[in-house]
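In what follows, a structure is listed as structure tokens, so that the remarks can point back to it.
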């Protein structure tokens, strides 16, 4: 998708890059390979990250060792912003899914930008509101929808399937174990639904390139 990713209120990924380019101090550009741990749950929350290229998953672990993926983020999204609200420690572990390019912004630098730069403040607030709406929808999805519907919704979200889309590709690196954690079910159930979706022509596997989601998958969400 690159620089043509359209963000909320018509802002694009290139808009974010342009604004952050003017930041000289308190900013670091990072290149990460696949499965790189960007930060760990429980570490000090002293910065936030802007994802320029690639995809990042946020995972949490209980004291008993049970793990779950709570979000998968794509190009043009922030994460780790809890530090700005007084969060002392990371609430999740951030791991790259495939190669990623990130901009790390220190907490004091971002706080100053939000205070001094109206453009960045407006875009950042819009970003946060969009994420809150997404998390509310995720909660409703977990409470009221079946595992099959939750899987269909996640595949559509991961592929950035839009209203005008006919097919979209989910990036490589998201496997059935990841999907099981995100849906909240077992890997065997995910395998069952994925095979069902493929037989119905809703998805196609493309080997290392990931999988392709077709418009027909949207019908799963509409079916009672």
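The values are calculated or read from the model by the stated rules, or taken from the named source; none is laboratory data. Because the structure is a prediction, the values reported are computed rather than measured. Cβ sites come from the backbone with ideal geometry, for glycine too, and all protein chains shown count toward neighbours.
Just one of 155, 48, 113 is crowded, with 19+ Cβ neighbours inside 10 Å and closer than 26 Å to residue 213 by Cα; which is it?
Numbers: 48 fails: closer than 26 Å to residue 213 by Cα; 113 fails: closer than 26 Å to residue 213 by Cα.
Being crowded, with 19+ Cβ neighbours inside 10 Å and closer than 26 Å to residue 213 by Cα holds for just one of 155, 48, 113, which is 155.
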- prompt: Out of all the residues in segment 11-25, is one or more modelled with pLDDT of 95 or more, outside the structural domain of residue 179 (by TED's automatic domain parsing) and surrounded by 12 or more Cβ atoms within 10 Å (Cβ to Cβ)?
  reply: no
- request: Might you check whether a residue that is more than 22 Å from residue 125 (Cβ to Cβ), at pLDDT below 95 and surrounded by 20 or more Cβ atoms within 10 Å (Cβ to Cβ) occurs anywhere in segment 60-77?
  value: yes
